[in-house]
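**Q** There's a structure below that I have some questions on.
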Amino acid sequence: MRDLDDRLLAALRECGGDRHVASVARALSLSGEHGALWIAAGLTGAVLDRERRGCWLRATTLTATAHLASMAIKRVVRRARPEVEPLVATAGRHSFPSSHATSAAAAAVAYGALRPAGARIVPPLAAAMCVSRLVVGVHYPSDVAAGAALGALTARAGAAWAGRGGGHA
């Protein structure tokens, strides 16, 4: 598994040699720090979609909860970040699981269940966020996969609670 992780990371990190790719990956990484993009998106949904405000707030809570769970797991697992030159600074030195991937996948599942537009827009952006962590060289693919699984499972586990009062229009 470690060999595959290293080979996939090297291939995707190499993409960061293109200044345009690196710029987008950096922007995604920065916007996803501490789940900021996804929390802001959920709060924006709550403001704009009044009839589902409670659903948006609960979905945002699930996204934040998933992010916090990933941070707790990092403190237990304590896997070091890859030994490559990163394109971004990181908030911490541990990499497993990827908190960016966790919050992105949680948002894709939670927000995607609220509106059809969310189901079309959020998943590709979440996938790009996940790949960006490999391009900037701060996670192994297994960190990202584990984070995405954690986020999706957390949001799915709370789906009935989050969707109470309405889902897709």
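The values are calculated or read from the model by the stated rules, or taken from the named source; none is laboratory data. On a predicted model such as this, the values are computed, not experimentally measured, just so you know. With ideal geometry, Cβ positions are generated from the backbone for all residues, glycine too; neighbour counts draw on all protein chains shown. To get the accessible areas, we keep the full protein, side chains included, count just its heavy atoms, and leave off ligands, DNA and RNA. Shrake-Rupley method; radii C 1.70, N 1.55, O 1.52, S 1.80 Å.
**Q** Name the residue, out of Ile121, Ile39, Ile73, whose mean-square fluctuation peaks in a Gaussian network model built on the chain with Cα pairs under 10 Å.
**A** It is Ile121.
**Q** What three numbers, in Å, describe the spread of the alpha carbons of region 12-169 along their principal axes, ordered from the longest?
**A** 47, 35, 19
**Q** Okay, next question. Can you tell me which of Ala91, Ala159, Ala101 moves the most in a GNM of the chain? Springs connect C-alpha atoms under 10 Å apart.
**A** Ala91
**Q** Expected output is a single nm value to one decimal: the length gained when fully extending between Arg26 and Thr61, i.e. 0.36 nm times separation in residues minus the C-alpha distance. What is it?
**A** 10.0 nm
**Q** How much accessible surface does Val131 have with a 1.4 Å probe, in Å² rounded to 10?
**A** Ignoring ligands and nucleic acids, Val131 comes out at about 70 Å².
**Q** Sort Leu4, Leu150 by heavy-atom solvent-accessible area, probe 1.4 angstrom, most to least. Don't skip to the answer; put the middle values down first.
**A** Numbers: Leu4 85, Leu150 40 Å².
From most exposed to least exposed: Leu4, Leu150.
**Q** Further, regarding this structure: Quote to one decimal, in nm, the extra length available between Glu83 and Ala157 on full extension: 0.36 nm per residue of separation minus the C-alpha distance between them.
**A** Length gained, Glu83 through Ala157: 23.2 nm.
**Q** Can you tell me, using C-alpha contacts under 8 Å and at least 6 residues apart, the relative contact order of the chain as a whole percent? Mind dumping the intermediate values first?
**A** Details: 307 pairs, mean separation 54.0, N = 169.
32 percent.
**Q** Provide the FRET efficiency to the nearest 0.05 for the Arg93-Ile121 pair, computing r from the beta carbons and using R0 = 25 Å. Don't skip to the end; give the middle numbers.
**A** Numbers: r = 33 Å, r/R0 = 1.32.
According to the calculation, E is roughly 0.15.
**Q** Could you look at the chain and say what percent of its accessible area is carbon and sulfur, using a 1.4 Å probe and all protein chains?
**A** 65 percent
**Q** Helix 141-157 sits at what angle to the longest principal axis of the chain, using alpha carbons and giving 0 to 90 degrees rounded to 10?
**A** On a 0 to 90 degree scale, this one is about 10.
**Q** Which of these, Ala89, Ala46, Ala107, has the largest mean-square fluctuation under a Gaussian network model of the chain (Cα springs below 10 Å)?
**A** In this elastic network of the chain, the residue with the biggest mean-square fluctuation among Ala89, Ala46, Ala107 is Ala89.
**Q** What shape does region 19-108 have by the C-alpha gyration tensor, where a ≥ b ≥ c are the square roots of the eigenvalues, rounded means a/c under 1.5, and otherwise prolate means a/b greater than b/c and oblate the rest?
**A** Oblate.
**Q** At 7 Å along the Cα-to-beta-carbon direction for both Arg75 and Glu51, put a label point, then send me their distance in nm to one decimal.
**A** So the label points at Arg75 and Glu51 sit 4.2 nm apart.
**Q** Which residue, Ala105, Cys15, Thr154, has the largest displacement toward the positive end of the dipole of the chain when charges sit on each Cβ (Lys, Arg +1; Asp, Glu -1)?
**A** About the Cα centre, the residue reaching furthest to the positive side is Thr154.
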